[in-house]
Amino acid sequence: LLFLFVPLVAGCVQSQSRGTNNGPAVYGYQVASAGTFERNGSETKDLPELTNSSTLADYLEYALLNNAGLETAFYRWRAAHEQIVQARTLPDPEITFGQYVRQSDMQMNRMVEIMQMLPWPGTLEAQSNAARAEAQGAAQALESARLDVYRQVKREFYEFLYLREAIEIAEQNLTLMRHFEQVALTKY
């Protein structure tokens with residue numbers, strides 16, 4: 001009976017010590033219970049206000065906090081991270097209760113059965129290692145998504161700066177052309 005009771009209690013203790021309310025932290029951010037990103041050790045991170053004088057850092061922060069693809073990659077990593085703990089725990093024990101009647105003396109008997117599946121030695125560790133490798137792959141996918149967001153925002157930001165400078169130069173050229181027109185009309 002003790003041989004059956006110890007794995008049952010060990011499986012229950014492991015499953016209760018799984019995690020916290022907040023999601024795991026990655027790249028300085030974590031997911032709060034409301035599903036919003038929050039910076040480690042502080043309250044929920046608000047989206048920065050973007051104005052004409054906003055810097056590239058403001059745009060990058062806004063994109064990181066407001067990108068659905070990055071948030072999806074984060075939740076995939078979080079789910080893969082949670083699978084590590086599940087992979088190294090024992091399967092849930094099974095309890096069955098039954099009643100049967102013996103036909104010879106019409107007596108009703110009850111039976112309670114507790115069963116705990118014990119995997120082959122090394123199986124839980126192998127499953128845990130596979131889940132850990134999958135979580136590392138998801139973390140790399142998250143990093144790739146973050147870098148892709150950075151690349152896209154930087155490309156568009158510098159394109160915007162180029163176009164703004166081109167518009168300013170065109171406006172200066174227009175002013176010069178109007179000035180030359182006035183000079184030419186005066187000399188004519």
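In this calculation the C-beta distance from residue 126 to residue 56 is compared with R0 = 45 Å, giving a FRET efficiency of 0.50. Only one residue of 72, 86, 114 has its Cα farthest out toward the positive end of the dipole of region 61-115, where Lys and Arg carry +1 and Asp and Glu -1 on Cβ, and that residue is 114.
The distance between label points at residue 165 and residue 181 comes to 2.8 nm (points 7 Å beyond Cα on the Cα→Cβ vector). Here the accessible area of region 108-187 is 61 percent carbon and sulfur, with a 1.4 angstrom probe and all protein chains present.
Given N residues in region 65-123, what is its alpha carbon radius of gyration divided by 2.2 N^0.38 Å?
Working: Rg = 23.0 Å, N = 59, 2.2 N^0.38 = 10.4 Å.
Expressed relative to 2.2 N^0.38 Å, the Cα Rg reads 2.22.
Averaging 1/r over every pair of different alpha carbons in region 75-188 and inverting the result gives a Kirkwood radius of 22.1 Å.
Within region 52-95, whose backbone N sits under 19 Å from a point 7 Å along Cα→Cβ of residue 141? Zone members listed by number: 67-87.
The values are calculated or read from the model by the stated rules, or taken from the named source; none is laboratory data. Source: prediction; values computed, not measured. All Cβ positions, glycine included, derive from the backbone under ideal geometry; neighbour counts span all protein chains shown. Heavy atoms of the whole protein, side chains included, go into the accessibility calculation; ligands, DNA and RNA do not. Shrake-Rupley method; radii C 1.70, N 1.55, O 1.52, S 1.80 Å.
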